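Below: one structure, written as structure tokens.
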Amino acid sequence: MEINSSILWAGCAVLVLCIIFWLVKRRRIWNERYGPLTKLDLVAEAEILLHYKRHSEAVQLLLEALVRDPRNINAKLLLLRCYAKLKNRDEFERVARDVYPALIHSRLILWDKIARAGRKLDPDNPLYQPSANTDKGHSHA
């Protein structure tokens, strides 16, 4: 009976190794055809992590997306959401200051939403005050 269970375990181990080899090979083929994960993939994956309340892991993916493309506004907006949930006031402000110039003139509604979240984290910060939206933001950015 022991010989049969040993053979069964050895067979399972070989099967697992074959599956791992196949997955690695498929990933290599995917990367050759389509390239590595794109910024959209990382942002989409971060959104899935947020759905499961895994904010810290989502932050890491979004930071990686920003290394690949520092102008990725979608990654920055999702990063703001993560930092708000994590109550990370300093990082929230850093990213908010970064997106402020791009949003204040063309996407004011989006900036207002960011400012409301910012006021919850840091009520006295002038960047998030309603008057910051009307003075062209040059002193805040």
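Taking Arg71 as meeting all but one of (1) modelled with pLDDT of 85 or more; (2) assigned to a helix (DSSP H, G or I), write down the number of the exception. With (1) modelled with pLDDT of 85 or more; (2) assigned to a helix (DSSP H, G or I) applied to Arg71, the lone miss is (2). Cβ-Cβ contacts under 9 Å between residues 6 or more apart (or on different chains), taken from a first residue in the range 55-80 that is closer than 17 Å to Ile114 by Cα to a second residue that is open to solvent by less than 40 Å² (accessible area, probe 1.4 Å) and among the acidic types (Asp, Glu), are listed as Ala75/Asp69. Quick check on the range 83-98. Is at least one of its residues touching a Cys at 6+ places or on another chain (Cβ under 6 Å) and assigned to a helix (DSSP H, G or I)? Looking for residues that are touching a Cys at 6+ places or on another chain (Cβ under 6 Å) and assigned to a helix (DSSP H, G or I), one finds none in the range 83-98, hence no.
Taken across the range 21-42, residues that are part of a helix (DSSP H, G or I), at pLDDT 85 or above, within 30 Å of Leu78 (Cα to Cα) and of a type outside the set (Asp, Glu) do occur, with at least one present. What about Leu110, is it open to solvent by less than 70 Å² (accessible area, probe 1.4 Å), modelled with pLDDT of 85 or more and in a helix (DSSP H, G or I)? Yes: the conditions hold for Leu110.
Scanning the range 97-104 for residues that are open to solvent by less than 80 Å² (accessible area, probe 1.4 Å), among the hydroxyl-bearing types (Ser, Thr, Tyr) and modelled with pLDDT under 90 turns up nothing.
The values are calculated or read from the model by the stated rules, or taken from the named source; none is laboratory data. Nothing here was measured: the structure is a model prediction, and the numbers come from that model. No Cβ is skipped: glycine too gets one built from the backbone with ideal geometry, and neighbour counts run over all protein chains shown. Accessible surface areas use protein heavy atoms only, side chains included; no ligands, DNA or RNA. Shrake-Rupley method; radii C 1.70, N 1.55, O 1.52, S 1.80 Å.
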